[in-house]
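Below is one structure, written out as structure tokens; the observations come after it.
Throughout, read-outs are computed from the coordinates displayed, never taken from laboratory work. Since we're looking at a predicted model, the values are computed, not measured. Here the Cβ positions follow ideal geometry from the backbone for every residue, glycine too, while neighbour counts run over all protein chains shown.
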2 protein chains.
Amino acid sequence: MTELEQQIKTYFGVLRPEELQNIGALFKPSMLKKGDFLLQEGRRCDKMSFIQSGLLRIYALADGKEITQWISTPGYFVTDLAGFMLESPSRWTVQALTDAEVFTISRDNYKTLTELVPRWNELEKLFLVKCFTIMEDRIFSHLSKTAEERYQFFFDHHREFFNQVPLQYIASMLGMTAETFSRVRKKQLP
Amino acid sequence: MTELEQQIKTYFGVLRPEELQNIGALFKPSMLKKGDFLLQEGRRCDKMSFIQSGLLRIYALADGKEITQWISTPGYFVTDLAGFMLESPSRWTVQALTDAEVFTISRDNYKTLTELVPRWNELEKLFLVKCFTIMEDRIFSHLSKTAEERYQFFFDHHREFFNQVPLQYIASMLGMTAETFSRVRKKQLP
DNA sequence: GTGATTTCTTGATATTTGTCAAGAGCGGGG
DNA sequence: CCCCGCTCTTGACAAATATCAAGAAATCAC
């Protein structure tokens, strides 16, 4: 079992060995150098990538500023879901924050998953529902929490980010400036 | 073709008449009085409802305050997606803001849709991707826009809400207080 | 190592938004 | 028709957050 297969297994739960192998074969490995772009806002988005190692930042421009929407870490998929699934232009730019190793599946190959893995539709559905739910929670946190509370919550649940990612990007994805982030952080440290 | 069938057709695009009829038969009509609850936070969520008429508010408590997550209008579905799809407790309370008429499908009936409508999986997927995308946009608006800009955007795209819905709920779902909403609104009116 | 970049922190200040309190408007029930 | 409850607005003020500018700290290339 390759590493990718292991990861996919972790991700989608129980899969038979031959299913895993079939899925794994549809992904192509590639290396990204720090700063490389995996996706660019406005361009086509024909692929989805599984992150084996490295960190990728998802962002878009608003009023000339880069707004970080999320930072993707190993073990997760990254794409513009709407672009990939609906063949619309990508709304996000995805750039490597570090050197990274990804496994990429094309839209065409993705479409064959249903044939290879009978319960793919079910797995995909659970995946989408999970994605949606995470977004619901994030919105709710913006409706009900202060910057400080959002910081605290994120810190409690994603402490691993803090050593690896430039803090300014975390600030942006939590909806505050780097300065506010720094002050909130200082208050919370001791 | 019943009204529900018409609506479902609008919603999911081209469907054959017999498919439509099959789908329609799975939904049960019911009437809600203003103030009635369709769903309650923490309880089971075994159903999804299509809104024929009326307005429903989706909210949850945070620090004792009701945070309005969304207001659902005729032509759309309402449920706690995670609760319905994953059989987890509902995270939202759904209450009728006006008398309302809904068509409700149970989880069990929902599961039979795949048999009745061959391309249901495809339609469901598009539905979920759309939901996800809307959420992405909403988050981005919180990361990149001021309260005033969020108001303006919402006003431009959902003017119909403003005559029908208590403004305090719109304020909450845009992530501001009723007072701020009122001031922003005044500034924008002339 | 050392200098050059980039990132992070800090301070001063401005702006935005929230809170509290009061009053105005409005609609429904008797 | 009038009162009551609910919603919306307004004002005064407080708190949170942003902005701008500068310096400190960390990181990177050589």
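Compute the distance from the alpha-carbon center of region A:104-158 to that of region B:57-71, in whole Å. Answer, in whole Å: 22.
Tell me what chain A gives for mean residue ellipticity at 222 nm when only DSSP H runs of n ≥ 4 count, each as -39,500 (n - 2.57), the sum divided by the residue total, rounded to 500 deg cm²/dmol.
Numbers: 10 runs with 92 residues, N = 190.
Taking each H run of at least 4 residues, the total per residue is -14000 deg cm²/dmol.
Counting charges near B:Lys33 (Lys, Arg +1; Asp, Glu -1) among other residues having Cβ under 12 Å from its Cβ returns a value of -2. Just how many % of Cα pairs in region A:3-116 lie over 19 Å apart, if you round to the nearest whole percent? Here the tail beyond 19 Å accounts for 46 percent of pairs.
Based on Cα contacts under 8 Å between residues 6+ apart, region A:3-116 shows a relative contact order of 37 percent.
When N counts the residues of chain A, how does its alpha-carbon radius of gyration compare numerically with 2.2 N^0.38 Å, as a ratio?
Against the empirical 2.2 N^0.38 Å value, I get 1.09 for chain A.
Near B:Asp63: Cβ cut-off under 11 Å, other residues only, Lys/Arg at +1 and Asp/Glu at -1. The net charge is 0. If you fit an axis through the alpha-carbon atoms of helix B:3-12 and take the longest principal axis of the Cα set of chain B, what angle between them do you get, 0 to 90°, nearest 10? The answer is roughly 80 degrees. Normalising the average separation of contacting C-alpha pairs (under 8 angstrom, six or more residues apart) by the number of residues puts the relative contact order of chain A at 23 percent. Along chain A, the exposed loop sites are trypsin sites (Lys or Arg not before Pro) outside DSSP states H, G, I, E and B with at most 15 other Cβ atoms within 10 Å, and the longest stretch free of them is A:45-118.
For the peptide B:172-178, the mean number of other protein chain Cβ atoms found within 10 angstrom of a residue's Cβ is 2. Averaged over the residues of B:140-152, the number of partner chain Cβ atoms lying within 10 Å of the residue Cβ comes to 4.
Let me check I've understood the local charge: for A:Arg43, count other residues with C-beta under 12 angstrom from its C-beta, Lys and Arg +1, Asp and Glu -1. What total comes out?
Charge balance in the 12 Å sphere: 0.
On the beta carbon distance between B:Lys34 and B:Glu115, with R0 = 45 Å, the FRET formula returns roughly 0.75. For the residue pairs A:Lys33/B:Lys130; A:Lys186/B:Lys145; A:Lys130/A:Lys186, the alpha carbons lie more than 29 Å apart in A:Lys33/B:Lys130; A:Lys130/A:Lys186. Amide H to amide H, with H built 1.01 Å from N, B:Lys145 comes under 5 Å of no residue 5 or more places away or on another chain. P(r) for the protein assembly as shown, from all Cα pairs and a bin width of 20 Å, is 25, 57, 18, 0 %, short bins first.
Once you mark the GluC sites (Glu not before Pro) that are in a DSSP loop and have at most 16 other Cβ atoms within 10 Å, what is the longest gap between them in chain A?
Longest stretch, sites excluded: A:1-86.
Averaged over the residues of B:81-94, the number of partner chain Cβ atoms lying within 10 Å of the residue Cβ comes to 2.
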